[in-house]
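Read the structure below first, then the notes.
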Amino acid sequence: MSDDNAAIEEGAKKSGILWLTLDRPRLAWHAWHDGAIYLVTGGGEQHLPGLDALDRVHVTLRSKDNGARLVEFDAAVSVVDQAAAPDAVAVLAKERLNAPDSEHLTRRWADDSTVLRLTPER
């Protein structure tokens, strides 16, 4: 694993938030799973306008301790078929803090939200 790859994985695992360059810099919570970042948007979840229409997005990971930039990279964006990726959705649901409907969370996501995979470009 290259130093950049290690920094991306470590930063994504240690901090539950990241910055995406969209219409403006947007803060998003996420989960790291199987070599990629997963996040959810829409349906009462975080608002990340236009992300699902992009092929690539610029990502910034910052230190949880002091906010310093750890690493920046471009990532390929893909929509996740939630039924075909139950492990990734389960990991993402575990990271969703203070959900008002935690026992029905993944069902709501399947009905109303989009789960996205951001694969760091190496």
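A short reminder: the numbers here are calculations on the coordinates, not readings from a lab. The structure displayed is predicted, hence computed values, not measured ones. Note that we place each Cβ from the backbone using ideal geometry, even for glycine, and neighbour counts take in every protein chain shown.
Where strands (runs of 3 or more DSSP E) sit wholly within the range 9-122, those with at least 2 residues that are under 15 Å from the mean Cα position of the chain (by Cα) and of a type in the set (Lys, Arg) occupy 56-62. The residue pairs whose first member lies in the range 102-122 and is touching a residue at least 12 places away in the same chain (Cβ under 8 Å) and within 28 Å of residue 10 (Cβ to Cβ), whose second member is of a type in the set (D, E, K, R) and surrounded by 12 or more Cβ atoms within 10 Å (Cβ to Cβ), and whose beta carbons are closer than 6 Å, counting only pairs six or more residues apart or on different chains, are 113/45; 114/52; 121/74. Looking only at the range 21-40, residues that are surrounded by 16 or more Cβ atoms within 10 Å (Cβ to Cβ) and in contact (Cβ under 8 Å) with a residue 60 or more places away in the chain come to 8 in all. For the range 41-81, taking the residues that are of a type in the set (S, T, N, Q) and free of Cβ contacts under 8 Å to residues at least 40 places away in the same chain, the one that is nearest to residue 24 (Cα to Cα) is identified as 46.
Of the residues examined, residue 79 is not one that is of a type outside the set (Lys, Arg) and surrounded by 15 or more Cβ atoms within 10 Å (Cβ to Cβ).
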